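For reference, the structure discussed in these notes is given below.
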Amino acid sequence: MPERIYIRRNTCARIFLAGMTQAKSAGIHKRAVRAVAAMCVAATCFAFAACGNSNTSESTEKSSASSSAGSGLTKIEGVKDTAKVGEKPVLEFKKPLNVPDNSYAILQEGDGEVIKPGNRVCAQGMAVDGKTGDIKMSTWETNQMDCSLVAPKKGEKTSALLSVIDGLKLNSTVVFGSNDSTADSSNLIVMTLKSQSTDLTKAEGTKVKNIPSNLPKVTNAADGKPSIDMNGYKGSDKLVVQPLIEGNGDKLESNSYAVVKYTGWLLDGKQFDSSWDRNSTFDVNMQGGVIEGWLEGLKGQKVGSEVLLVVPPSLGYGDQAQGEIPANSTLVFVVDILAKY
C-alpha cells in the first residue's frame, strides 16, 4: 500500500465543524493537503490564526440540544440574533467583542425537522468582525450554501465543535468564534442550518451499455464494492474515462467537492488502495490536491455515477514511485460518486 496521505475538508464547516478531522486518501494524492487555520464558505476563504469557534446568546440556555452539545467548548454571553427564525441573522452585541477560541452559541432554535445522524447539512453562512460588527462575507445574497457539514452518527466519536449541531433542528442558527493569540482578530462565524440530505452509499443509476470490450471488466458486489478483471488490458497513453453507471445527480464542476468511494489497481491487477476496505469515503477537491487524471476524469460526471478511470503516468505520478506504485505506472480506478457539495 502507498503511504497514506491526509487531507481536510476545506470550508468553515470542513475546518471548524469537522473538528479538523483527517480523511485518508491513499494512492490518488500528489501531495498532502493540510488544513490551515481558515474559514471558508462557498469557496471564499478567510484566514484565521486558529481553528476555534465561538459565540453565545441568551437563547443558548433554552436549547434542548445544548445540554450535551459543545462539551469542552466555551460559551460567549451577550450575543443575540434578532432576525426571524431561519432568516439571515442580525447580530446584536457590545462592540468590540473579543471571542475566545473553541467557543460557540446556539442563537436561534430552529423550527424545522430534527437533523438526523449522519445526514449532510447545507448551511447559509457569514463571517462577522467581532470588533466592528461588519459582515466580512455572506452566502445569503448568492445562496451558495456550504454543504460540507455532516452530522455525527449515533455513538460516533466526534469533535466538540461538530457535536454542537447534534440534535438541532433545521433553521437553527449557530455561531462560532475565532481569534488569534493576541486577540487582535476576533471573528464570528454564523451558520444557519437550512437543509439536510443523505449521501449515497454506492453508485446508483443506469448501467451503461456498449462499454468497449478491450477495457478492464468491472463487477460490483451487492454493497457496491468493485472487483476487476484486467482482461489483458495494456493501458493507454491518454486518459480513459468510461462511465459504468450513469447517475442522475448534479454534475461535478471545477469548484465542487465530491464525496466518493474508490479502488485503485496497477495494470497487473494488483490493488494498491481502496476506500471500500477502510469502510470510508473520500472528499475530492476538484480544484486540486489529487492527481490530474482524477480532476480531468471526474469533472462533468454526475452524482450517482460509477466511473472507470485509466490514468497514464503523465496524469498520475509520472516518474516518481509512490509506495507500492512503481514509477511510470498506469493506474486504473473505479470511482463511485456519492455526493457533491
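Structure notes:
For (1) surrounded by 22 or more Cβ atoms within 10 Å (Cβ to Cβ); (2) outside any strand (DSSP E or B); (3) more than 22 Å from the chain's Cα centre (by Cα), each residue gets a yes or a no:
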site: Pro96; (1), (2), (3): no, yes, yes
site: Tyr104; (1), (2), (3): yes, no, no
site: Val121; (1), (2), (3): yes, no, no
site: Gln124; (1), (2), (3): yes, no, no
site: Gly133; (1), (2), (3): no, yes, yes
site: Met137; (1), (2), (3): no, no, no
site: Trp140; (1), (2), (3): no, yes, no
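- The residues of segment 257-271 that are over 15 Å from Lys202 (Cβ atoms) and buried (at least 19 other Cβ atoms within 10 Å of the Cβ), listed by number, are Tyr257, Gly264, Trp265.
- Scanning segment 221-278 for residues that are touching an Asp or Glu at 6+ places or on another chain (Cβ under 7 Å) and charged (D, E, K, R) yields a single hit, Lys261.
- Residue within segment 76-87 that is within 23 Å of the chain's Cα centre (by Cα) and either more than 22 Å from Cys147 (Cα to Cα) or of a type in the set (Lys, Arg) (or both) present: no
- Pair list, Cβ under 9 Å, 6 or more apart: segment 225-248 residue over 16 Å from Ala203 (Cα atoms) and in contact (Cβ under 8 Å) with a residue 24 or more places away in the chain, other residue assigned to a loop (DSSP other than H, G, I, E, B) and charged (D, E, K, R): Met230/Asp268
- Strands (runs of 3 or more DSSP E) wholly inside segment 156-273 that include at least 3 residues being assigned by TED's automatic domain parsing to the domain that holds Gly125 and either among the basic types (Lys, Arg) or in contact with a strand residue (DSSP E or B) (Cβ under 9 Å, 6 or more places away or on another chain) (or both): 173-179, 186-197
- Just so you know, in segment 114-160 the residues that are touching a Lys or Arg at 6+ places or on another chain (Cβ under 8 Å) and among the small types (Gly, Ala, Ser) include one that is nearest to Leu200 (Cα to Cα), and it is Gly118.
- Answer from Asp129, Asp184, Asp111 - the residue that is over 21 Å from Asp81 (Cα atoms) and surrounded by fewer than 18 Cβ atoms within 10 Å (Cβ to Cβ): Asp184
The values are calculated or read from the model by the stated rules, or taken from the named source; none is laboratory data. Only a predicted model underlies this, so the values are computations on that prediction, with no experimental measurement involved. Cβ coordinates were reconstructed from backbone atoms using ideal geometry, including for glycine residues, and neighbour counts include every protein chain displayed.
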